[in-house]
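Let me begin by presenting the structure, written as structure tokens, before commenting on it.
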Amino acid sequence: MKRYHHQISKRKNVIAVMIFCVVIVLLIIGARQLQQQFEKKYQVNIDNASATQTQTDASQAWEPTMELILGDGIYGSDHKIDTYLFMGTDLSGNEKGKEEEYRGTMADFLCLAIADHTDQSYACLELNRDTMTKVILLQANGGHGASATLQLCTAHRYGGNRKASCKNTVQAVSDLFGGLPIKGYYELNMKAIPIINHRIGGVEVTIEDDFSQSDPSLVMGETITLSDEQAYHFLHDRMNVGDGENTSRMRRQQTYLHGMIKKVQSMQENDHQFVINMLQDISEYSVSSMDLNKMGKVIQQLQGYTYEGMYTIAGQTRLGQALGDGLDHTEFYMDEKDRLQKLTEIYHLQKIADYEGEEELQE
């Protein structure tokens, strides 16, 4: 069957290679202890896990650190957790344009980094760029226009500058997860990839897909340390690799990330300035709500945290015409049960109330 994808992404859709930068910022997430407390406090009954546990007073107040509307329920967690959004952007759009002439790039790599300060652990949640969700058609002057159900990656196109595009993407991701508090963002352009790849010296991976039409040097079944060019094809190419699906490319990105995490952590242990120096080297290619001072303060803290792994959310992929251009494009619809299950596991959620409104997140 013939496959279609975003018309814009055809213009060197290299966003997925932003996986290179994610592990760096994994070490800086959670810089600030979560101070926000909701004014509304919920009273809940906590069941005993065993007969030997002490009965909890039903009148005891349980104070959630966040409140998420997911399906027909309101969920909270008592863990102190910071969440950050990391984005990889391509060369499409017109980011040098002013006001109405500005057109943001596509945020085709999106990953949430979650630091749990209660458990002293951190995890990642990679998002499918084609996820259908509410996107605000943010105006160049910052005004909120209409909203539409579109691919998540399109949120970065709207706004009058890169920061506005990033904030619009943060809003779209927050809405997708029922009002998830996102403490900050970090966006990196593909131009920084050669700098990062040279710094880390490549990552060892096993080739599990057929790259014969993309890069014959990537032989299926072989285990190799990726060169700069090989890493580009391994993380970027999709349509002419294996089954051509974005979910397969996301699997390769996760494989690379797992190897890179270990390598960067090792480098950081030997050189405590490694991450900071890297961030300084690529700063001209990035936009962030976090400055280097804040990043530096938490690097050592997270060195002692346990990495819980990379999560994804299941769903269905089909063709649709949500973009309104008369062409078929890939659309990914998250499975709501799996969304709740993964968020419950990552954020230690508990249902605290029923929700009678309508969640405008999925089709």
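Of the residues that make up the range 202-211, is at least one of a type outside the set (Gly, Ala, Ser) and farther than 29 Å from ASP130 by Cα? Steps first, please.
First, pick out the residues of the range 202-211 that are of a type outside the set (Gly, Ala, Ser): 203-211.
So of that shortlist, the ones also farther than 29 Å from ASP130 by Cα come out as none.
Taking every residue of the range 202-211 in turn, none turns out to be of a type outside the set (Gly, Ala, Ser) and farther than 29 Å from ASP130 by Cα.
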## Note on the structure
Across (1) modelled with pLDDT under 95; (2) outside any strand (DSSP E or B); (3) charged (D, E, K, R); (4) open to solvent by less than 60 Å² (accessible area, probe 1.4 Å), GLU331 clears everything bar (2)
#### Entry: Residues (under 23 Å from THR118 (Cα atoms), modelled with pLDDT of 90 or more and open to solvent by 30 Å² or more (accessible area, probe 1.4 Å)) located in the range 55-75
GLU67, ILE69
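Pull up the range 143-155, narrow it to residues that are outside any strand (DSSP E or B) and touching a Leu at 6+ places or on another chain (Cβ under 9 Å), then point me to the one that is nearest to MET132 (Cα to Cα). Write out each step before concluding.
So the first thing to find is which residues in the range 143-155 are outside any strand (DSSP E or B), and the list is 143-146, 152-155.
Pick out the ones that are also touching a Leu at 6+ places or on another chain (Cβ under 9 Å) and you get 144-146, 152-155.
Values: HIS144: 19, GLY145: 18, ALA146: 16, LEU152: 6, CYS153: 9, THR154: 10, ALA155: 11 Å.
So the residue we want is LEU152.
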### Task
Find the residue count for the range 137-161, including only residues that are touching a Gly at 6+ places or on another chain (Cβ under 7 Å) and open to solvent by less than 50 Å² (accessible area, probe 1.4 Å).
6
### Query
Across the range 214-241, which residue is nearest to VAL203 (Cα to Cα) among those that are open to solvent by less than 50 Å² (accessible area, probe 1.4 Å) and not hydrophobic (A, V, I, L, M, F, W, C)?
GLN230
### Message
Please verify whether VAL275 is surrounded by fewer than 19 Cβ atoms within 10 Å (Cβ to Cβ) and of a type in the set (A, V, I, L, M), treating the condition exactly as stated.
### Response
no
### Query
Do we have LEU302 as open to solvent by less than 50 Å² (accessible area, probe 1.4 Å), on the phi < 0 side of the Ramachandran plot and at pLDDT 75 or above here?
no
### Message
Can you find, within the range 182-213, the residue that is surrounded by the most Cβ atoms within 10 Å (Cβ to Cβ) among those that are without any contact (Cβ under 8 Å) to a residue 60 or more places away in the chain and among the β-branched types (Val, Ile, Thr)?
### Response
VAL205
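The values are calculated or read from the model by the stated rules, or taken from the named source; none is laboratory data. Note that the coordinates shown come from a computational prediction; the quantities given were computed from them, not determined experimentally. We place every Cβ from the backbone using ideal geometry, glycine too, and count neighbours over all the protein chains shown. Only protein heavy atoms, including side chains, enter the accessible area calculation; ligands, DNA and RNA are left aside. Shrake-Rupley method; radii C 1.70, N 1.55, O 1.52, S 1.80 Å.
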